[in-house]
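**Student:** Mind having a look at this structure? Questions to follow.
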Amino acid sequence: MKKFLLLLLSLSSFGLIGQGTWIKVGDQDVVSINSPSYPKGLFDEGPRLLGRQGEIRSEPKRHFKAHPQRLYLPQKYLLSLKGKFQIDSLVFFDGAGKDSLKIALRKNDSWHYVFKGQTNKYQEWRRLKINLETDYLLFEFASAQTEIGEILLFGQALSQEASPTFSPPPKKRPLSLNEFIGINAFVDDPISNLKAVSSSIREYHNWNWHFQEGLSLDEALRIGPAFAPSANGHWNFDQYYQNLNASGLKVIPCLQGSPDWLGDFDDKPILDSKTSEDPHSYRIHSKFMFQYAARYGKQKHAAKDLHVATGQSPKSGLNLIQGIENWNEPDKWWRGDKGYFNAWEFAAMLSADYDGHAGRLGNGYGLKNADPSLEFVMGGICSLNLQYIEAIRIWSIFNRPEKDFPADAINFHHYSNDAGGQGDRIKHAVSPEEDELYQRLKALVLYRDKYLPRQKIYLSEFGYDSNRKSVQAAPAADSLQSLERQANLIVRSFLWAHASGIDGAFLYMYRDVNTANPTKFQSSGLSREKWNRSKLKPSFYKLRALKRLLGDYHFVKMVQAKFIPSIEVMLYENQQGHQRYVMWNKDLGSTYFPRSMSFDPGQQAKVYRLPDNEGPIRLETWKSGEELAINAAPLIIEFD
């Protein structure tokens with residue numbers, strides 16, 4: 001149990017001097033625990049405000065207010081000092097708002113509160129005498145009425161943050177495009193078509209499929225899950241995974257949603273929301289993770305350790321899946337308090353699901369205790385939010401005995417549009433180039449390489465709609481143009497994601513939910529709905545052709561096209577050293593016929609154009625220096 005200590009505070013005003021030396025920190029050192037907003041304005045004006053003797057000589061110009069949405073309240077921010085400090089005093093500017101504020105310092109694995117009170121002063125500096133050693137501070141804002149202008153820390157540095165003790169992993173072999181491309185799919189999607197466009201399946205898999213409807217909590221826990229067939233849907237998942245493996249497809253089930261005996265589908269799988277930051281609260285989900293991994297991983301278990309419904313065979317070690325993703329979009333703010341995990345809540349669930357909170361939950365909990373070789377994929381979050389990942393990493397340092405991150409892969413969702421993701425202000429989709437998708441993903445790689453070098457990175461949802469009235473469709477004049485643009489943008493997004501250095505991307509998704517429905521994500525598929533004869537779209541044919549032409553190749557570098565800034569060129573190479581170029585015009589509505597590019601004139605080449613129907617891949621001959629039609633659809637060039 002954490003020990004909380006409330007210390008005394010003292011008030012002061014203009015001209016006060018903090019005890020000790022001013023400690024330089026910045027807003028970039030602050031991590032949000034439960035808010036999508038970045039805490040700008042808390043630690044950004046120190047040098048301007050302080051005199052030579054450390055005296056405060058002016059008021060801050062910028063004030064910070066918490067996010068107004070109730071879902072994120074009380075709002076918590078963590079300041080990492082990047083080392084041990086003796087904090088002698090803390091000074092903050094109390095603005096115009098009035099509500100409660102809490103400030104705590106961490107020492108000996110406990111939080112010590114140095115302030116619990118009202119921000120009831122008006123435009124006034126306040127000083128807290130502290131005299132504690134710490135490396136982290138926690139700030140809790142009750143509401144947006146808690147207005148703080150600046151926070152200043154005074155004291156002395158005791159030690160710098162230790163460098164990571166683990167050594168970076170050996171340099172990996174570059175991933176071929178075949179190994180990289182994945183797709184989101186369901187148990188009833190046609191496996192032959194999935195194999196034509198992907199190598200890996202992120203299988204949407206509902207937890208409640210394994211239990212009968214209408215069970216009580218006690219009944220469900222006593223009866224146990226059904227796998228082959230499942231209790232709902234009556235799918236034989238043993239056979240399904242065997243069929244995927246026989247086709248050469250890797251599969252990572254995404255175990256999403258709570259069963260009805262725990263609440264609504266999107267609810268956190270816990271019994272008491274007051275303990276949502278405690279890994280023990282996720283024991284039921286952790287136990288199901290163990291059972292799933294024991295059955296479909298490759299490690300054998302005694303029958304007494306397997307819990308299945310009456311009439312089901314207690315199998316283990318079937319070796320049919322490559323990993324498990326433990327949830328889908330834990331930070332889905334649109335589902336309210338019950339469905340939204342703040343970063344520390346999801347960290348607790350990750351720790352429980354990963355290895356039973358380092359074994360503390362007991363026997364029979366967590367994926368790694370069922371099969372250490374299975375890949376544990378963190379549930380994909382709604383956006384490319386590194387603050388969320390960093391908050392989980394720090395929670396793990398605080399709460400896990402080895403301070404290790406409880407996932408083998410960090411996982412993100414991102415949709416390229418004018419609002420930057422899944423928000424409510426989307427008007428239309430944009431190209432991956434306009435969205436700067438490559439740069440966004442590269443930022444994830446740089447963070448991973450620095451802080452989590454042993455973890456993979458997945459982009460497990462991205463895509464575009466083909467219904468031109470959808471906000472996740474690129475602007476188009478008609479339905480045919482919208483279909484073509486969906487295809488081109490999907491292919492280009494895969495190429496940019498591959499070039500960025502992440503470890504896999506999964507298109508959302510194989511089939512449409514409802515092609516005619518303009519609501520976003522209803523027409524994101526490569527095929528129409530099952531009741532629409534699953535008619536394949538141009539996006540299916542172009543992605544299939546890309547996989548055939550570049551599947552065995554890996555990304556080498558980007559090449560600058562001379563004098564033509566709108567032309568993108570990438571160089572690919574296979575293991576035998578054969579090279580191919582892929583290029584396109586990022587201007588959706590134009591076609592260029594350039595003569596001058598980055599190739600020596602006179603070189604003979606084959607030019608492959610991706611088809612948008614069942615027809616063959618178009619092959620042309622071309623000599624460098626001659627005109628070449630380059631439009632929004634990627635083409636592939638191979639020199640003789």
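**Student:** Are there any pairs, at least 6 apart or on different chains, whose C-beta atoms fall under 8 Å, with the first in the stretch 222-251 and at pLDDT below 95 and the second part of a loop (DSSP other than H, G, I, E, B), and if so, which?
**Tutor:** N232/F211; N232/Q212; N232/E213; G233/V187
**Student:** Answer with yes or no whether L78 is at pLDDT 90 or above, in the same structural domain as I148 (by TED's automatic domain parsing) and under 22 Å from the mean Cα position of the chain (by Cα). So that I can check it myself, show each step before the final result.
**Tutor:** Values: at pLDDT 90 or above: yes; in the same structural domain as I148 (by TED's automatic domain parsing): yes; under 22 Å from the mean Cα position of the chain (by Cα): yes.
Taking the combined requirement at face value, the residue satisfies it.
**Student:** Evaluate the stretch 255-274: report whether one residue or more is part of a strand (DSSP E or B) and among the basic types (K, R). Before the answer, list the steps.
**Tutor:** First, the residues of the stretch 255-274 that are part of a strand (DSSP E or B): 255-256.
Pick out the ones that are also among the basic types (K, R) and you get none.
No: zero hits.
**Student:** Please go through (1) among the small types (G, A, S); (2) closer than 20 Å to G117 by Cβ; (3) more than 30 Å from the chain's Cα centre (by Cα); (4) at pLDDT below 90 for S89 and return the number of the only condition it doesn't satisfy.
**Tutor:** (4)
**Student:** Select, from E345, E329, E325, E375, the only residue that is closer than 24 Å to L79 by Cα and out of contact with any Phe, Trp or Tyr (no Cβ under 6 Å at 6 or more places or on another chain). Before you say what the answer is, go through the steps one by one.
**Tutor:** Working: E329 fails: closer than 24 Å to L79 by Cα; E325 fails: closer than 24 Å to L79 by Cα; E375 fails: closer than 24 Å to L79 by Cα.
The unique qualifying residue is E345.
**Student:** So S534 ticks every box in (1) small (G, A, S); (2) crowded, with 20+ Cβ neighbours inside 10 Å; (3) under 23 Å from F186 (Cα atoms); (4) in contact (Cβ under 8 Å) with a residue 60 or more places away in the chain but one. Which box is left unticked?
**Tutor:** The one condition S534 does not meet is (2).
**Student:** While we're looking at this one, here's another question. Every residue in the stretch 439-462 that is hydroxyl-bearing (S, T, Y), surrounded by 20 or more Cβ atoms within 10 Å (Cβ to Cβ) and part of a helix (DSSP H, G or I), please. Even if it seems obvious, please write down each step before you answer.
**Tutor:** Filtering the stretch 439-462 down to residues hydroxyl-bearing (S, T, Y) leaves 447, 451, 458, 460.
Of the ones still in play, those that are also surrounded by 20 or more Cβ atoms within 10 Å (Cβ to Cβ) are 458, 460.
Of everything in the stretch 439-462, nothing turns out to be hydroxyl-bearing (S, T, Y), surrounded by 20 or more Cβ atoms within 10 Å (Cβ to Cβ) and part of a helix (DSSP H, G or I).
**Student:** Looking at the stretch 607-625, which of the residues that are in contact (Cβ under 8 Å) with a residue 40 or more places away in the chain and either of a type in the set (S, T, N, Q) or within 15 Å of Y581 (Cβ to Cβ) (or both) is surrounded by the most Cβ atoms within 10 Å (Cβ to Cβ)?
**Tutor:** So the residue we want is L610.
**Student:** Can you pull out the residues in the stretch 338-375 that are touching a residue at least 60 places away in the same chain (Cβ under 8 Å), under 13 Å from M289 (Cβ atoms) and of a type in the set (A, V, I, L, M)?
**Tutor:** M349, A352, L361, L367, A370, L374
**Student:** All but one of (1) in contact (Cβ under 8 Å) with a residue 40 or more places away in the chain; (2) more than 16 Å from S143 (Cα to Cα) hold for K76; which doesn't?
**Tutor:** The one condition K76 does not meet is (2).
**Student:** For the stretch 424-436, enumerate the residues that are touching a strand residue (DSSP E or B) at 6+ places or on another chain (Cβ under 9 Å) and either buried (at least 18 other Cβ atoms within 10 Å of the Cβ) or not charged (D, E, K, R) (or both).
**Tutor:** I426, H428, A429, V430, E433, D435
**Student:** Still on this structure, I have one more. Kindly list, by first and then second residue, each pair from a residue in the stretch 195-209 that is over 25 Å from N232 (Cα atoms) and hydroxyl-bearing (S, T, Y) to a residue that is buried (at least 23 other Cβ atoms within 10 Å of the Cβ) and at pLDDT below 95, limited to pairs with Cβ atoms under 6 Å and residues at least 6 apart or on different chains.
**Tutor:** none
**Student:** Please go through the stretch 552-570 and give me each residue that is buried (at least 16 other Cβ atoms within 10 Å of the Cβ) and either at pLDDT 95 or above or in a strand (DSSP E or B) (or both), ordered by number.
**Tutor:** D552, Y553, H554, F555, V559, I567, E568, V569, M570 - these are the residues of the stretch 552-570 that are buried (at least 16 other Cβ atoms within 10 Å of the Cβ) and either at pLDDT 95 or above or in a strand (DSSP E or B) (or both).
The values are calculated or read from the model by the stated rules, or taken from the named source; none is laboratory data. This is a predicted model, so every value here is computed, not measured. Methodologically, a virtual Cβ is constructed for each residue, glycine included, from the backbone with ideal geometry; neighbour enumeration extends over all protein chains shown.
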